[in-house]
1. Restricting attention to helices (runs of 4 or more DSSP H) lying wholly within region 37-145, give those where 2 or more residues are among the aromatic types (Phe, Trp, Tyr) and more than 28 Å from SER25 (Cβ to Cβ).
2. Being under 15 Å from GLY122 (Cα atoms), surrounded by 12 or more Cβ atoms within 10 Å (Cβ to Cβ) and modelled with pLDDT under 90 is true for just one of LEU20, LEU44, LEU48, LEU94. Which residue is that?
3. State the number of residues belonging to region 192-213 that are in contact (Cβ under 8 Å) with a residue 60 or more places away in the chain and not hydrophobic (A, V, I, L, M, F, W, C).
4. Could you pull out the residue among VAL158, VAL181 that is of a type in the set (Val, Ile, Thr) and crowded, with 16+ Cβ neighbours inside 10 Å?
5. Just to be sure, is GLN126 more than 17 Å from GLY13 (Cβ to Cβ), buried (at least 21 other Cβ atoms within 10 Å of the Cβ) and not aliphatic (A, V, I, L, M)?
6. Would it be correct to say that PHE165 is farther than 19 Å from PRO239 by Cα and surrounded by 22 or more Cβ atoms within 10 Å (Cβ to Cβ)?
7. Of THR58, THR30, THR37, which residue is closer than 19 Å to ARG119 by Cα and in contact with a Leu (Cβ under 8 Å, 6 or more places away or on another chain)?
8. Picking from THR143, THR170, which residue would you name as being over 29 Å from LEU226 (Cα atoms), more than 15 Å from the chain's Cα centre (by Cα) and modelled with pLDDT of 90 or more?
Amino acid sequence: MGSVLDIYCRLIGVQIRSQLQYRMSFLFDTIATGLATGVSFLTLALLLQRFGSIAGWTLSEIAFLYGIVEVAFGFMDMLFSGFDPDSFGKQIRLGRFDQLLLRPVDITVQVLGSEFLLRRLGRIAQGVAVLGYAIATLNIHWTLPKILFLPLIFTSLVCFFGGLFMIGATITFWTIQPIEVVNIFTYGGSEMMSYPMHIYQDWMRRFFTYIIPAIFLNYYPALYLLGKPDPFHFPSFAPFLSPVVGFGMLGLASLFWQFGIRHYKSTGS
């Protein structure tokens with residue numbers, strides 16, 4: 001275990017050093033990433049200044065949802081960027097994945113360490129800023145369980161989206177090309193979870209409750225932390241299903257990934 005972690009750290013170290021070689025370019029890329037993702041929240045803030053709230057949720061409450069998702073997705077996109085279906089599909093087409101299989105190092109560690117997009121710090125920073133604004137303007141009654149639960153929510157979201165990336169990467173073993181439906185659940189899912197789930201149509205809410213239970217990753221934990229009533233009257237333990245869903249998705253994705261590796265056939269490139 002120690003040697004695997006050491007190899008991973010070495011791979012990440014190489015990625016970081018290469019990206020910091022041109023520091024001004026890295027700085028501008030990071031700032032641009034943060035500004036690009038921050039525009040959507042600025043647009044939302046301007047709209048809410050006009051209309052006041054969305055389905056009873058104020059700007060600060062939505063900022064709480066938005067900030068948690070942005071920080072978590074930014075960390076995931078940085079840590080699991082090697083599994084990004086778009087870039088991973090390219091590695092499959094070019095035959096570069098075959099090179100990884102020839103090395104005497106765990107293949108999962110190699111893929112995790114193959115990319116580490118440090119510029120995602122821009123997205124994380126703007127998410128932290130939005131979340132900080134929300135916490136500063138909301139009258140949240142913080143208790144020790146709530147304080148301890150908050151980082152668990154972040155970790156669960158990182159695992160959930162990372163699992164979706166792994167599933168999307170595994171599918172490219174057979175499709176060669178990445179399929180857009182994966183982006184609906186990753187980038188589209190992060191956008192969806194930035195808003196209260198009760199604003200969506202019944203069919204969509206049911207899908208993201210009983211098929212892909214994303215409702216328990218951010219919305220229900222936010223209800224608990226903000227002390228808001230549950231409009232769907234789920235059991236009292238619903239807010240605490242976040243780690244079950246997040247770690248469960250990553251576990252299932254890991255099993256699917258191992259299945260894909262066992263049945264992988266080279267493209268011949």
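1. Details: elements: 59-79, 85-94, 96-101, 107-114, 121-137.
Where helices (runs of 4 or more DSSP H) fall fully within region 37-145 and carry at least 2 residues being among the aromatic types (Phe, Trp, Tyr) and more than 28 Å from SER25 (Cβ to Cβ), they are 59-79.
2. Working: LEU44 fails: under 15 Å from GLY122 (Cα atoms); LEU48 fails: under 15 Å from GLY122 (Cα atoms); LEU94 fails: under 15 Å from GLY122 (Cα atoms).
The unique qualifying residue is LEU20.
3. Initial filter on region 192-213 (in contact (Cβ under 8 Å) with a residue 60 or more places away in the chain): 193-196, 198-199.
With the extra rule that they be not hydrophobic (A, V, I, L, M, F, W, C), the set shrinks to 194-196, 198.
Final tally of qualifying residues: 4.
4. Details: VAL181 fails: crowded, with 16+ Cβ neighbours inside 10 Å.
When all the criteria are applied, what remains is VAL158.
5. Numbers: more than 17 Å from GLY13 (Cβ to Cβ): yes; buried (at least 21 other Cβ atoms within 10 Å of the Cβ): yes; not aliphatic (A, V, I, L, M): yes.
In short, yes.
6. Numbers: farther than 19 Å from PRO239 by Cα: yes; surrounded by 22 or more Cβ atoms within 10 Å (Cβ to Cβ): yes.
Considered against the rule, which asks whether it is farther than 19 Å from PRO239 by Cα and surrounded by 22 or more Cβ atoms within 10 Å (Cβ to Cβ), PHE165 comes out as yes.
7. Working: THR58 fails: closer than 19 Å to ARG119 by Cα; THR37 fails: in contact with a Leu (Cβ under 8 Å, 6 or more places away or on another chain).
When all the criteria are applied, what remains is THR30.
8. Working: THR143 fails: over 29 Å from LEU226 (Cα atoms).
Unique residue meeting the criteria: THR170.
The values are calculated or read from the model by the stated rules, or taken from the named source; none is laboratory data. Nothing here was measured: the structure is a model prediction, and the numbers come from that model. We place every Cβ from the backbone using ideal geometry, glycine too, and count neighbours over all the protein chains shown.
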